[in-house]
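Asker: Questions regarding the structure given below will be posed in turn.
The values are calculated or read from the model by the stated rules, or taken from the named source; none is laboratory data. The model shown is predicted, which means the values in this text are computed figures rather than measured ones. No Cβ is skipped: glycine too gets one built from the backbone with ideal geometry, and neighbour counts run over all protein chains shown. The accessibility values were calculated without ligands, DNA or RNA, using every heavy atom of the protein model including side chains. Shrake-Rupley method; radii C 1.70, N 1.55, O 1.52, S 1.80 Å.
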Amino acid sequence: AAMADRVIVLDKGEVVFDDTPSRVFSHEEELVELGLNVPQATSLAHNLRKNGIEISEGVLTPADCVKEILNQRKKL
């Protein structure tokens, strides 16, 4: 995901998503419903956002996730 410029997700031959990796993987719940997983760092960031921690969309790598968490720590 971190190396791609574009991700296309198909479901039964129909295009569901066609965008940058960060935009496609921001739809974690929909992707899981389709039987697909997102990068672990993306899932962690999504769960942090659901719990009220302001993590940016578009987290793809562990380094991105650490950077976002440290940025939030500075705000506290």
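Asker: Can you give the calculated 222 nm mean residue ellipticity of the chain, where each DSSP H run of n ≥ 4 adds -39,500 (n - 2.57) and the sum is split over every residue, rounded to the nearest 500 deg cm²/dmol?
Answerer: On the way: 4 runs with 36 residues, N = 76.
Taking each H run of at least 4 residues, the total per residue is -13500 deg cm²/dmol.
Asker: Could you give the angle, 0 to 90 degrees to the nearest 10, between helix 62-75's Cα long axis and the longest principal axis of the Cα atoms of the chain?
Answerer: Between the helix axis and the principal axis of the chain, the angle is about 40 degrees.
Asker: How far is helix 40-50 tilted, in degrees, relative to the longest principal axis of the Cα atoms in the chain, given as a value from 0 to 90 rounded to the nearest 10?
Answerer: 70 degrees
Asker: What is the total of Lys pairs in the chain with C-alpha atoms under 29 Å apart, excluding same-chain pairs fewer than 8 positions apart? Kindly include the intermediate steps, with their values, before the conclusion.
Answerer: On the way: Lys50/Lys67; Lys50/Lys74; Lys50/Lys75; Lys67/Lys75.
The result is 4.
Asker: A further question follows. What percent do you get for the relative contact order of the chain when only Cα pairs under 8 Å and 6+ apart count? Don't skip to the end; give the middle numbers.
Answerer: Details: 91 pairs, mean separation 18.1, N = 76.
Dividing the mean separation by the residue count of the chain yields 24 percent.
Asker: Label-point separation (nm) for Leu36 and Asp5, each offset 7 Å from Cα along Cα-to-Cβ?
Answerer: 1.9 nm
Asker: Could you calculate the FRET efficiency of Lys74 with Lys50 from 1/(1 + (r/R0)^6), where r is the beta carbon distance between them and R0 is 25 Å, rounded to 0.05? Could you put the intermediate results ahead of the total?
Answerer: Numbers: r = 22 Å, r/R0 = 0.86.
So the FRET efficiency works out to roughly 0.70.
Asker: Around Val59, with a cut-off of 13 angstrom between Cβ atoms, what is the net charge of the other residues, counting Lys and Arg +1 and Asp and Glu -1? List each step's numbers first, then the result.
Answerer: Working: positive: Arg23, Arg49, Lys67; negative: Glu28, Glu54, Glu57, Asp64, Glu68.
In short, -2.
Asker: Still on this structure, I have one more. Could you work out which residue, out of Asp11, Asp19, Asp64, moves most in a Gaussian network model of the chain, that is, has the largest mean-square fluctuation with Cα springs under 10 Å?
Answerer: The residue that fluctuates most here is Asp11.
Asker: Let me ask something else. Using a 1.4 Å probe on the protein chains only, how many percent of the accessible area of the chain belongs to carbon and sulfur? Please list the in-between numbers first.
Answerer: On the way: 2800 of 5480 Å².
Carbon-and-sulfur percentage of accessible area, whole number: 51.
Asker: What does the accessible area per residue of the chain come to in Å², with a 1.4 Å probe and no ligands, DNA or RNA counted? Before the final figure, lay out the partial values.
Answerer: Numbers: 5480 Å² over 76 residues.
Per residue, the chain has 72 Å² of solvent-accessible surface.
Asker: Would you please put 27-33, 4-10 in order of how densely packed they are, using the mean number of other Cβ atoms within 10 angstrom per residue and starting with the highest? Working shown, then result.
Answerer: On the way: 27-33: 14.4, 4-10: 11.7.
Descending packing order for the listed peptides: 27-33, 4-10.
Asker: Looking at the square roots a ≥ b ≥ c of the eigenvalues of the Cα gyration tensor of the chain, which shape do they give, rounded for a/c under 1.5, prolate if a/b is larger than b/c, or oblate?
Answerer: Details: a/c = 2.94, a/b = 1.98, b/c = 1.49.
Prolate, since a/c reaches 1.5 and a/b exceeds b/c.
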